[in-house]
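The values are calculated or read from the model by the stated rules, or taken from the named source; none is laboratory data. Only a predicted model underlies this, so the values are computations on that prediction, with no experimental measurement involved. All Cβ positions, glycine included, derive from the backbone under ideal geometry; neighbour counts span all protein chains shown.
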Amino acid sequence: MNVNYKIACYLSAIFALSACNQSVSQGTKTTESTEKPCEPELDLSPEKLDRFGITNKEYLSAASKRALQWKYVENDWYRVFNEMKPLKGDLAYEEGVVRRDPSAMIKADGLYHVWYSKSVGKTDGFSGDVEKDKVFPWDRCTIWHATSEDGWTWKEDEEAAIPLGEKGTYDDRSVFTVEVMVWDGMYYLCYQTIKSPYNVRTKNEVGLAWSKSPNGPWEKSKEPILKPADNGIWKGEEQNRFSVEKKGDFDSHKVHDPCILPYNGKFYLYYKGEQMGEEILYGGRQIRHGVAVADNPKGPYEKSNYNPISNSGHEICVWPVDGGIASLITTDGPERNTFQWSPDGINFEIRAAVKGANMPHAIGLNRTIEVSKDNPTAIFDWGLSHVYNSWHYQSIMRFDSYRKTSHVAQGAITPKGEKKKDEQTDN
Ligand code: AAL
């Protein structure tokens with residue numbers, strides 16, 4: 001028996017993963033196994049078979065086998081999102097202005113605070129002179145701050161919270177997609193950075209700024225706190241991001257959407273990685289998530305050996321709950337539109353699917369809402385996200401959602417034995 005195959009069977013038995021009927025690929029050579037295929041251990045108890053409506057355990061379809069391996073099938077994480085609603089005051093939609101990628105919302109001095117990317121003017125793309133043009137809506141952005149008493153009407157500061165760095169520095173072209181962390185009386189903003197020129201092959205990094213007050217002034221890190229892996233090789237000189245000799249790690253091109261959470265006495269910097277030579281898989285972009293851990297908020301951040309920690313998702317949306325870290329996986333990959341949870345900040349499992357309709361894709365979580373083991377997704381009651389008014393202009397809007405744990409017709413009896421009254425109270 002091939003050694004790799006033996007190991008795969010052993011691991012699948014331990015973790016009850018589906019490594020069955022597989023062939024083992026070694027470089028270009030693929031060996032069909034003649035051994036009896038290894039099968040994951042399945043719970044075939046009468047209760048389990050009855051719950052999943054499986055009539056005959058001798059005839060298990062691939063779908064039934066997968067269902068029997070699901071780890072979490074309860075409904076306590078499920079959410080339904082309503083249509084997003086416009087904000088008022090300075091964050092109402094403004095023609096000619098991009099406001100996007102809001103940070104989490106926090107409360108200080110009785111006010112809600114949010115930070116976001118802001119730029120002006122339309123997007124030119126990459127076909128002209130990238131030294132002069134605006135290549136993306138998030139190009140030539142600075143980071144702005146606004147406050148609100150009620151989360152609806154917002155007042156924007158007169159000046160950017162985080163301006164561009166001086167010419168020649170790592171953040172001289174754009175600073176954007178910001179997140180906030182409050183720790184030990186200090187405020188930290190982490191955000192994406194671009195150094196000019198902004199080409200399709202330009203590497204994207206992450207910067208950090210800190211202040212004693214949410215109103216600044218902010219002191220910026222002299223160097224990025226996170227960089228893409230340096231082990232991919234471009235093919236040729238043309239500005240083509242799909243053409244590579246070697247792709248390198250999952251984050252060899254860009255590190256994006258940073259979000260730092262204090263966790264287990266350390267600081268976990270979650271981020272999205274983009275790989276050189278990105279592919280389209282499962283009908284979505286090849287986007288993955290990673291984490292880097294530090295002893296101090298300012299770093300140094302060390303990438304986890306377990307990266308990538310998600311093979312699906314897009315913008316990072318993570319929050320602590322029940323002693324672990326939860327994550328909303330959106331947009332890309334086979335596990336898109338799922339809530340996931342990990343007991344250790346690294347090993348995430350699916351807890352629920354989320355209805356895609358109305359689901360915001362660039363969520364700034366409302367960190368003023370408390371979550372609990374009993375209502376782990378309460379943090380989605382309301383918060384901020386952005387919408388594309390057009391490719392050129394985006395604006396920040398307010399989302400809200402409600403918990404849904406059963407599917408009951410109006411006036412009928414709920415699983416808890418109560419009468420259902422209206423659409424939004426069937427939990
Ligand atoms: C978003 C985010 C990052 C990207 C761009 C702006 O969806 O993933 O922020 O750089 O698009």
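The table that follows gives values for the structure above.
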quantity	calculated
Within segment 323-427, strands (runs of 3 or more DSSP E) holding 1 or more residues that are touching a Lys or Arg at 6+ places or on another chain (Cβ under 8 Å) and aromatic (Phe, Trp, Tyr)	338-342, 382-388, 394-403
Qualifying positions in segment 72-93 - among the acidic types (Asp, Glu) and either farther than 20 Å from His113 by Cβ or not in a loop (DSSP other than H, G, I, E, B) (or both)	Glu74, Asp76, Glu83
Segment 257-267: number of residues that are part of a strand (DSSP E or B) and either among the aromatic types (Phe, Trp, Tyr) or surrounded by fewer than 24 Cβ atoms within 10 Å (Cβ to Cβ) (or both)	5
Count of segment 73-87 residues which are within 30 Å of Gly216 (Cβ to Cβ) and surrounded by fewer than 17 Cβ atoms within 10 Å (Cβ to Cβ)	2
Verdict on Leu384 being touching a helix residue (DSSP H, G or I) at 6+ places or on another chain (Cβ under 7 Å), of a type in the set (A, V, I, L, M) and within 16 Å of the ligand (Cβ to nearest atom)	no
Single residue of segment 226-275 satisfying the filter (charged (D, E, K, R), under 21 Å from the mean Cα position of the chain (by Cα) and at negative phi) that is farthest from the ligand (Cβ to nearest atom)	Lys266
Those strands (runs of 3 or more DSSP E) lying entirely in segment 178-246 with at least 2 residues of a type in the set (D, E, K, R)	244-246
Some residue of segment 364-374 being of a type outside the set (Phe, Trp, Tyr) and within 14 Å of the ligand (Cβ to nearest atom)	yes
Identity of the residue in segment 204-219, surrounded by 19 or more Cβ atoms within 10 Å (Cβ to Cβ) and more than 16 Å from the ligand (Cβ to nearest atom), that ends up farthest from the chain's Cα centre (by Cα)	Trp218
Test set (1) hydroxyl-bearing (Ser, Thr, Tyr); (2) under 26 Å from the mean Cα position of the chain (by Cα); (3) more than 18 Å from His256 (Cβ to Cβ) - Thr142 fails condition number	(3)
His392 vs. criteria in contact with an Asp or Glu (Cβ under 7 Å, 6 or more places away or on another chain) and within 16 Å of the ligand (Cβ to nearest atom)	no
Arg351 within 16 Å of the ligand (Cβ to nearest atom) and under 19 Å from Phe380 (Cα atoms)	no
Filtered residue count, segment 164-180, keeping only those that are within 15 Å of Ile143 (Cα to Cα) and crowded, with 16+ Cβ neighbours inside 10 Å	11
Residue tally, condition of a type in the set (S, T, N, Q), within 16 Å of the ligand (Cβ to nearest atom) and buried (at least 19 other Cβ atoms within 10 Å of the Cβ), over segment 305-338	4
Count of residues meeting criterion [charged (D, E, K, R), within 16 Å of the ligand (Cβ to nearest atom) and outside any strand (DSSP E or B)] in segment 94-123	1
Residue satisfying condition, being assigned by TED's automatic domain parsing to the domain that holds Leu269 and farther than 30 Å from Asp124 by Cβ, within set Asp249, Asp172, Asp230	Asp249
Residue within segment 287-297 that is at pLDDT below 95, in the same structural domain as Gln340 (by TED's automatic domain parsing) and within 14 Å of the ligand (Cβ to nearest atom) present	no
Filter pass, Glu58 being out of contact with any Pro (no Cβ under 7 Å at 6 or more places or on another chain), touching a residue at least 24 places away in the same chain (Cβ under 8 Å) and part of a loop (DSSP other than H, G, I, E, B)	no
Selection within segment 126-172 - touching a His at 6+ places or on another chain (Cβ under 8 Å) and within 16 Å of the ligand (Cβ to nearest atom)	Pro137
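Results for (1) surrounded by 14 or more Cβ atoms within 10 Å (Cβ to Cβ); (2) within 30 Å of Ser390 (Cβ to Cβ); (3) among the basic types (Lys, Arg), shown as yes or no for each residue.
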{"site": "Pro40", "(1), (2), (3)": "yes, no, no"}
{"site": "Ser61", "(1), (2), (3)": "no, no, no"}
{"site": "Lys71", "(1), (2), (3)": "no, no, yes"}
{"site": "Gly89", "(1), (2), (3)": "no, yes, no"}
{"site": "Ala104", "(1), (2), (3)": "yes, yes, no"}
{"site": "Leu111", "(1), (2), (3)": "yes, no, no"}
{"site": "Ser117", "(1), (2), (3)": "yes, yes, no"}
{"site": "Ser127", "(1), (2), (3)": "no, yes, no"}
